[in-house]
Amino acid sequence: MTSTSFWLLLGSVAAVNLLGAASPGPAFFVVSRTAVGQSRRAGLATGLGVSLATVIWAFGTIHGLALLIAEAAWLFRIMQAAGAVYLIYLGWQAIRHAADPLPPAPAEHGLAGNLAAFRRGFLTNMTNPKVAVFFASVFASVSSVFASVYGAGMPEWINLAVLGVIAIDEVVWYSLVALAFSSRPAQAAYGRAKRWIDRAFGAFLALFGIRLLWNLRVLAA
């Protein structure tokens, strides 16, 4: 393996993963909503939770999780149902508390609040098995393009390098999202329209969860 092909491999993985992370989805909305509605630290903690879950999915996919899911369709359906229920729960909570006043600025941002934010981000991505499907397609594409560099039987250090790139990608992207949405102008705008923003946010998450359940119904039919 040449140095050029190795860096091209990492660059390709980074670019494709960044496009996936930047696509609006539950993870993006949870991080941005936490940052704008709570604090910068809470948003960053949520982003770290999302990033850790993404790396776990990527690790599992590299080591055969996608094949397991393909062979055990019932496992994928259980995971998808759990993810759908969790997203519907988050959406309902956002809609239910949309009219609540904003919490005091510094009070809730202690260790417990940041851990709760981290857990929210982690569970949002960890209960979304479509992340594994995404990485299965990414690694299949990368293997076809870099057949001599990446594929079955490759040294583990190459897999670790790929996971490292994904981790950096995720942390940098969601940190930027948290920083942008926790800015004073963003928080001021959110404070003025909190009720409607939270309702829209909750509706998006709930509809995303309902769509997952509907897909399960179609698959089972």
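Hey, could you check the stretch 107-121 for residues that are under 24 Å from A200 (Cβ atoms) and at pLDDT 80 or above and say which is farthest from the chain's Cα centre (by Cα)? Don't jump to the end; show me each part of the working.
Taking the stretch 107-121 as the starting set, the residues that turn out to be under 24 Å from A200 (Cβ atoms) are 108, 113, 116-117, 119-121.
With at pLDDT 80 or above added as a condition, the list becomes 113, 116-117, 119-121.
Details: G113: 20, A116: 16, A117: 13, R119: 12, R120: 11, G121: 7 Å.
Filtering the stretch 107-121 for residues that are under 24 Å from A200 (Cβ atoms) and at pLDDT 80 or above, the one farthest from the chain's Cα centre (by Cα) comes out as G113.
Anything in the stretch 177-194 that is part of a helix (DSSP H, G or I) and loosely packed, with under 13 Cβ neighbours inside 10 Å? List them, or say none. Spell out how you get there, then give the answer.
Step one: list which residues in the stretch 177-194 are part of a helix (DSSP H, G or I), which gives 177-181, 184-192, 194.
Those that are part of a helix (DSSP H, G or I) and loosely packed, with under 13 Cβ neighbours inside 10 Å: R184, P185, A188, R192.
Between a residue in the stretch 80-94 that is within 13 Å of M126 (Cβ to Cβ) and any residue that is surrounded by 19 or more Cβ atoms within 10 Å (Cβ to Cβ) and among the hydroxyl-bearing types (S, T, Y), which pairs come within a Cβ distance under 7 Å, given they are 6 or more apart or on different chains?
A82/T127; G83/T127; Y86/T127
If V172 passes every condition in (1) modelled with pLDDT of 90 or more; (2) β-branched (V, I, T); (3) crowded, with 18+ Cβ neighbours inside 10 Å but one, which one does it miss?
In the conditions (1) modelled with pLDDT of 90 or more; (2) β-branched (V, I, T); (3) crowded, with 18+ Cβ neighbours inside 10 Å, V172 misses (3) alone.
Can you tell me which residue in the stretch 197-210 is farthest from G20 (Cα to Cα), limited to those that are touching a residue at least 60 places away in the same chain (Cβ under 8 Å) and surrounded by fewer than 18 Cβ atoms within 10 Å (Cβ to Cβ)?
R199
For the stretch 1-44, how many residues meet the condition of being without any contact (Cβ under 8 Å) to a residue 40 or more places away in the chain and under 30 Å from A94 (Cβ atoms)?
Filtering the stretch 1-44 down to residues without any contact (Cβ under 8 Å) to a residue 40 or more places away in the chain leaves 2-4, 7, 11, 15, 19, 23-24.
Next cut, under 30 Å from A94 (Cβ atoms) only: 19, 23-24.
Final tally of qualifying residues: 3.
Within the stretch 8-106, which helices (runs of 4 or more DSSP H) (wholly inside it) include 3 or more residues that are open to solvent by 30 Å² or more (accessible area, probe 1.4 Å), over 20 Å from D198 (Cα atoms) and modelled with pLDDT of 85 or more? Show your work before the answer.
Details: elements: 26-37, 40-62, 65-71, 73-96.
Helices (runs of 4 or more DSSP H) meeting the threshold: 40-62.
Scan the stretch 211-221 for residues that are among the hydrophobic types (A, V, I, L, M, F, W, C) and either without any contact (Cβ under 8 Å) to a residue 24 or more places away in the chain or open to solvent by less than 40 Å² (accessible area, probe 1.4 Å) (or both) and jot them down.
So in the stretch 211-221, the residues among the hydrophobic types (A, V, I, L, M, F, W, C) come out as 212-214, 216, 218-221.
Those that are among the hydrophobic types (A, V, I, L, M, F, W, C) and either without any contact (Cβ under 8 Å) to a residue 24 or more places away in the chain or open to solvent by less than 40 Å² (accessible area, probe 1.4 Å) (or both): L212, W214, L216, V218, A221.
The values are calculated or read from the model by the stated rules, or taken from the named source; none is laboratory data. What you are looking at is a predicted structure, and each value in this text was computed from that prediction instead of being measured. Methodologically, a virtual Cβ is constructed for each residue, glycine included, from the backbone with ideal geometry; neighbour enumeration extends over all protein chains shown. We work out accessible area using only protein heavy atoms, side chains counted, and drop any ligands, DNA or RNA first. Shrake-Rupley method; radii C 1.70, N 1.55, O 1.52, S 1.80 Å.
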